[in-house]
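**Student:** This is the structure, below, for whatever I ask next.
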Amino acid sequence: MPSGSQLPPPPSWSLLGCGALGGVFATLLTQSGQPTQLLLRERHRATLHPVVDFTGLDGQHTLIAIPRAFVADRPAIRRLLVMTKADQVIPALLPLLGKLDKQVPIVLLHNGMGVAERVVELFPDNPVIAGVTSHGALQQGHFVFRHTGRGETWLGPVNEAGRQFAPLADRLAQALGQASWDEQILTRQWHKLAINCAINPLTALYRIKNGELTGPRFADTLQQICIEVADVMNAEGITTTAEELARRVQSVAGLTADNYSSMHQDLEQGKETEIEAITGFLLARAQAHGIMVPVNQGLYQAIKDRSQDQG
Ligand code: KPL
């Protein structure tokens, strides 16, 4: 590099985890004028990286070039957005250990809980921010993504350093239409967990779209799930009722009626599901409080069995 030459500014966002939702977020961020790079893992170096084929909510098709970079090449990172599956967050972050500047915020957007605390242990000096989102997305092929539902997105601090990063929600809002900051992100994570405990295993096991849960067939099961989750949430200090959770579940199932849940998609594609971080986390917290959660326990086991049969 000739002396005195200026390095280009790092992209606004670096995204780890280019699955369905990651692909949609990367596209929307890029389209909103926030340069975004996809951080790929070493095993993808030899694969083809075609231009992203994106279908928006209005059905419009776009081809969009989103730069790719490899963690091993130590690309400049300004903000890290981690959108891998819950069980992939730590493996995806490990190659960055000791290589990430301390001021780089790590934003975690995945289903399930229990991972953010481990990220704080690994990167104690970095601001860590957790988020929940209810956008719908589908991956229809290699770098082929479809945005299937506009949802809400919330971010909030996991550690002290994360508290100064409320403006990140505004950056995301520029791309998503809405994104907000909530200091009590844990409460929002629990409410999202409740929705995922209800919708994901049932839709995956019965191979149905989310909307089918709004009919009478699953009313009793959903109610039982919500009773159990509400018991655990209250024991965790998050005040709620089974009725409130059931209303939220019905609302999300209705709003995403035409979608296949991520767990349904994972099982159909023979991929690992997020059952450990979703229902598994609930079971662990229930056990810590001595609360029985037999319906959720049964769903957990059924998903594990199905995954094993397929594997
Ligand atoms: O988060 C989801 C998921 O599929 O993982 C819901 C909200 C259930 C939408 O499908």
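**Student:** Just how far, in whole angstrom, is the stretch 142-179 from the stretch 31-92 if you go by their alpha carbon centroids?
**Tutor:** Here the answer is 16 Å between Cα centres.
**Student:** Using only the Cα atoms of the stretch 127-192, what semi-axes does the equivalent ellipsoid have when each is the square root of 5 times a gyration tensor eigenvalue? Give whole Å, largest first.
**Tutor:** 24, 13, 11
**Student:** Related question: Which value, in Å² rounded to 10, gives the accessible area of Y260 with a 1.4 Å probe and all protein chains present?
**Tutor:** Roll a 1.4 Å probe over it and Y260 shows about 90 Å².
**Student:** Work out how much length Q103 to A284 would gain on full extension: take 0.36 nm times their residue separation and subtract the Cα-Cα distance, in nm to one decimal.
**Tutor:** Taking Q103 through A284 to full extension adds about 61.9 nm, to one decimal.
**Student:** Would you compute, from DSSP H runs of 4+ residues alone, the mean residue ellipticity of the chain at 222 nm, taking -39500 (n - 2.57) per run and dividing by the full residue count, rounded to the nearest 500?
**Tutor:** Helices in the chain give a 222 nm mean residue ellipticity of -12000 deg cm²/dmol.
**Student:** Next up: Just for the Cα atoms in the stretch 13-182, what are the lengths along the principal axes, largest first, rounded to whole Å?
**Tutor:** 42, 37, 27
**Student:** Could I ask something else about it? Give me log10 I(q)/I(0) at q = 0.11 Å⁻¹ for the chain, Debye formula, one equal scatterer per alpha-carbon, no solvent.
**Tutor:** Results for the chain at q = 0.11 Å⁻¹ read -0.67.
**Student:** Picking from A286, A219, A69, which is most flexible by a Gaussian network model of the chain using Cα springs under 10 Å?
**Tutor:** Looking only at A286, A219, A69, the biggest GNM fluctuation is shown by A219.
**Student:** Return the distance in nm (one decimal) between the two label points of a simple spin-label model at E160 and E236, each offset 7 Å from Cα along Cα→Cβ.
**Tutor:** For the pair E160/E236, the computed spacing is 2.5 nm.
**Student:** Give the peptides 156-162, 107-113, 140-146 in descending order of average Cβ contacts within 10 Å, highest first.
**Tutor:** Highest-to-lowest ranking by the protection proxy: 107-113, 156-162, 140-146.
**Student:** So, one more: Just the ratio, please: alpha-carbon radius of gyration of the stretch 192-311 over 2.2 N^0.38 Å, N its number of residues.
**Tutor:** 0.99
**Student:** Tally the DSSP beta bridges in the chain and give the antiparallel ones as a percent, rounded to 5.
**Tutor:** In the chain, approximately 40 percent of DSSP beta bridges are antiparallel ones.
**Student:** Restricting attention to the stretch 238-311, which GluC sites (Glu not before Pro) occupy a DSSP loop and are surrounded by at most 15 other Cβ atoms within 10 Å?
**Tutor:** When the GluC sites (Glu not before Pro) of the stretch 238-311 are filtered for loop state and at most 15 Cβ neighbours within 10 Å, E272 remain.
**Student:** Same structure, new question: When the label point is put 7 Å from the Cα of H44 along its Cα-to-beta-carbon vector, which residues of the stretch 121-145 have a backbone N closer than 14 Å?
**Tutor:** Residues 139-145 qualify, since their backbone N sits under 14 Å from the label point.
The values are calculated or read from the model by the stated rules, or taken from the named source; none is laboratory data. These numbers come from a predicted model, not from an experiment. Positions of Cβ are backbone-derived with ideal geometry, glycine not excepted, and every protein chain shown enters the neighbour counts. Side chains included, ligands, DNA and RNA excluded: accessible areas come from the protein's heavy atoms. Shrake-Rupley method; radii C 1.70, N 1.55, O 1.52, S 1.80 Å.
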